[in-house]
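Chemist: Below is the structure I would like to discuss, written out as structure tokens.
The values are calculated or read from the model by the stated rules, or taken from the named source; none is laboratory data. From a predicted model like this one, the values you see are computed outputs, not experimental measurements. Note: ideal-geometry Cβ built from the backbone for every residue, glycine included; neighbour counts use all protein chains shown. What goes into the accessible areas is simple: the full protein's heavy atoms, side chains included, and nothing from ligands, DNA or RNA. Shrake-Rupley method; radii C 1.70, N 1.55, O 1.52, S 1.80 Å.
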Amino acid sequence: NRNKQMSSKINFGKWEAIYVLVLITCTQIFLNMPRLVVEYAATAGWLLVIYVSILCFIVLWVILKLYKDFEGMDLIDLAEYLAGRAGKIIVGIVLSLYMLFISFVILREFSENMKIIALPLSPISYTSIFFVIGMVVAAYFGLEAMVRINAIAMPIIIISYILILIGISDHFNVTKLAPYLGFGAYNLFVENIPRISLLSGIISIFYMAPFLKSYKVIKEVGYTGLLISAVMLTIASLSYLLIFTYPIATENFLPIYQLSRIFSYGRFFERFESIFLIVWAVSAFLYLSMISFFTIYYIKKAFDLEYYRPLIIPVAIIIFNLSLIPPNLMTAIELENNYFRSYSGIVSFVFPLLLLLACSIKRKLRSKRRRKEKHNEQA
């Protein structure tokens with residue numbers, strides 16, 4: 001029955017799904033991530049990214065191992081399997097609120113950054129509304145259209161990102177990485193374990209699971225997407241530290257934008273930040289569109305609604321109004337750092353792990369009971 005439902009749904013290609021994972025995990029590069037890892041681990045910020053990436057690979061390996069017997073099911077399907085309709089609704093509400101929180105905080109940050117960089121005289125509602133309109137239009141076109149557009153845009157975004165790094169490479173200074181363990185080994189390897197939340201976007205593989213063709217594809221998408229994301233985040237952090245000395249590196253607004261401003265390659269390639277602004281805006285639009293769509297999709301699925309489109313405008317209005325609640329950019333950044341970064345690891349890694357463990361136990365108990373009943377019938 002489930003296979004029949006899956007066959008009627010959209011199927012993503014492997015690389016299309018990988019690009020979605022990379023988008024959701026790496027968009028933070030264009031916000032505050034390089035500065036955040038410096039705050040967490042000083043000059044060892046880039047090592048912190050490598051460390052939490054290894055932790056993430058281990059956790060993802062365990063989660064995917066448990067997921068093997070539940071191919072084609074997303075987190076709401078797993079909750080329904082475990083606890084029926086009540087579990088489905090509870091998990092659907094939790095995930096929807098989680099993504100709603102991400103949506104309005106990131107919308108506010110992108111809007112504030114756009115206002116500071118390009119539209120200093122415009123009110124924040126003016127810059128926000130353009131992103132919201134884009135989210136609404138994308139949601140009406142549907143997930144397939146968003147995934148296809150993202151598959152076209154992501155290679156361009158990645159190439160632009162690489163060009164920025166090439167253009168600033170003449171300014172790299174390895175001595176700025178000393179001391180190499182930052183605040184020390186204990187801080188790096190023990191106190192910063194919760195920073196695995198930097199890669200919390202990898203949970204989106206389970207949002208897309210029903211649309212992927214097989215368990216093998218899901219594994220390939222998960223590991224490849226995580227590897228690409230880890231490399232991009234590490235290079236961004238390392239490049240930032242090779243340019244800006246600690247503690248100055250903790251004070252910069254929009255780190256990658258600051259790097260793009262010093263881009264210089266010969267006499268004719270300068271002022272690259274204007275191109276960066278376009279790439280940055282496209283990344284913001286794609287990220288917000290994808291996250292807001294999954295918010296709507298999970299609300300629809302949790303409450304067994306027939307159509308998702310009637311939810312698009314109400315959810316967009318809620319996200320827009322919530323984004324205006326923080327009085328300024330610093331408050332929005334604090335919301336992200338103090339709440340999202342603190343608890344997203346629980347929602348992204350601990351919650352799916354516990355859910356899959358419980359489902360695996362239930363499945364084994366059910367199989368054991370069936371074998372026992374069959375044995376009794378034969379006897």
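Chemist: Tell me which residues, restricted to the stretch 270-298, are open to solvent by less than 50 Å² (accessible area, probe 1.4 Å), within 19 Å of the chain's Cα centre (by Cα) and of a type outside the set (F, W, Y).
Modeler: Those that are open to solvent by less than 50 Å² (accessible area, probe 1.4 Å), within 19 Å of the chain's Cα centre (by Cα) and of a type outside the set (F, W, Y): V279, A281, S283, A284, L286, L288, S289, M290, I291, S292, T295, I296.
Chemist: Right, here's the next one. If you scan the stretch 57-75, which residues turn out to be among the charged types (D, E, K, R) and open to solvent by less than 10 Å² (accessible area, probe 1.4 Å)?
Modeler: If the condition is that a residue be among the charged types (D, E, K, R) and open to solvent by less than 10 Å² (accessible area, probe 1.4 Å), then D74 is the only one that fits.
Chemist: From F131, F110, which residue is buried (at least 18 other Cβ atoms within 10 Å of the Cβ), modelled with pLDDT of 90 or more and over 29 Å from K216 (Cβ atoms)?
Modeler: Among F131, F110, only F131 is buried (at least 18 other Cβ atoms within 10 Å of the Cβ), modelled with pLDDT of 90 or more and over 29 Å from K216 (Cβ atoms).
Chemist: Here's a follow-up. From I54, I10, which residue is at pLDDT 90 or above and either surrounded by fewer than 20 Cβ atoms within 10 Å (Cβ to Cβ) or in contact with an Asp or Glu (Cβ under 7 Å, 6 or more places away or on another chain) (or both)?
Modeler: On inspection, the qualifying residue turns out to be I54.
Chemist: Quick test of your reading of the structure: L78 fulfils all but one of (1) surrounded by fewer than 20 Cβ atoms within 10 Å (Cβ to Cβ); (2) farther than 30 Å from E112 by Cβ. Name the failing condition by number.
Modeler: All conditions pass for L78, except number (1).
Chemist: Considering only residues that are out of contact with any Phe, Trp or Tyr (no Cβ under 8 Å at 6 or more places or on another chain), under 15 Å from I29 (Cβ atoms) and of a type in the set (S, T, Y), which ones fall in the stretch 153-196?
Modeler: Y161
Chemist: Filter the stretch 173-188 down to the residues that are surrounded by fewer than 14 Cβ atoms within 10 Å (Cβ to Cβ) and in contact (Cβ under 8 Å) with a residue 12 or more places away in the chain, then identify the one that is farthest from L47 (Cα to Cα).
Modeler: Filtering first and then ranking leaves N173.
Chemist: Would you mind stating whether Y246 is closer than 28 Å to F349 by Cα, modelled with pLDDT of 85 or more and either open to solvent by 30 Å² or more (accessible area, probe 1.4 Å) or part of a helix (DSSP H, G or I) (or both)?
Modeler: When the stated conditions are applied, Y246 does not pass them.
Chemist: For the stretch 195-212, state whether one or more residues are outside any helix (DSSP H, G or I) and on the phi > 0 side of the Ramachandran plot.
Modeler: Looking through the stretch 195-212, none of the residues is outside any helix (DSSP H, G or I) and on the phi > 0 side of the Ramachandran plot.
Chemist: Now a separate question. Scan the stretch 113-128 for residues that are in contact (Cβ under 8 Å) with a residue 12 or more places away in the chain and open to solvent by 10 Å² or more (accessible area, probe 1.4 Å) and jot them down.
Modeler: M114, K115, I116, I117, A118, I124, S125
Chemist: Determine which member of the set L233, L227, L238 is open to solvent by less than 20 Å² (accessible area, probe 1.4 Å) and either under 23 Å from the mean Cα position of the chain (by Cα) or farther than 28 Å from V147 by Cα (or both).
Modeler: Result of the check over L233, L227, L238: L233.
Chemist: Pairs, please: C-beta under 8 Å, at least 6 apart or cross-chain, first residue more than 14 Å from L355 (Cα to Cα) and among the aromatic types (F, W, Y) and in the stretch 88-111, second open to solvent by less than 10 Å² (accessible area, probe 1.4 Å) and at pLDDT below 90?
Modeler: Close Cβ pairs (under 8 Å, with a partner that is open to solvent by less than 10 Å² (accessible area, probe 1.4 Å) and at pLDDT below 90) amount to Y98/S344; F110/L31; F110/A284.
Chemist: Restricting attention to the stretch 13-51, which residues are of a type in the set (F, W, Y) and modelled with pLDDT of 85 or more?
Modeler: Hits for the stretch 13-51 are W15, Y19, Y40, W46, Y51.
Chemist: Would you confirm whether any residue within the stretch 27-38 is open to solvent by 20 Å² or more (accessible area, probe 1.4 Å) and aliphatic (A, V, I, L, M)?
Modeler: no
Chemist: Before we move on, is I156 open to solvent by 80 Å² or more (accessible area, probe 1.4 Å), under 28 Å from L23 (Cβ atoms), aliphatic (A, V, I, L, M) and touching a residue at least 12 places away in the same chain (Cβ under 8 Å)?
Modeler: Yes, satisfied.
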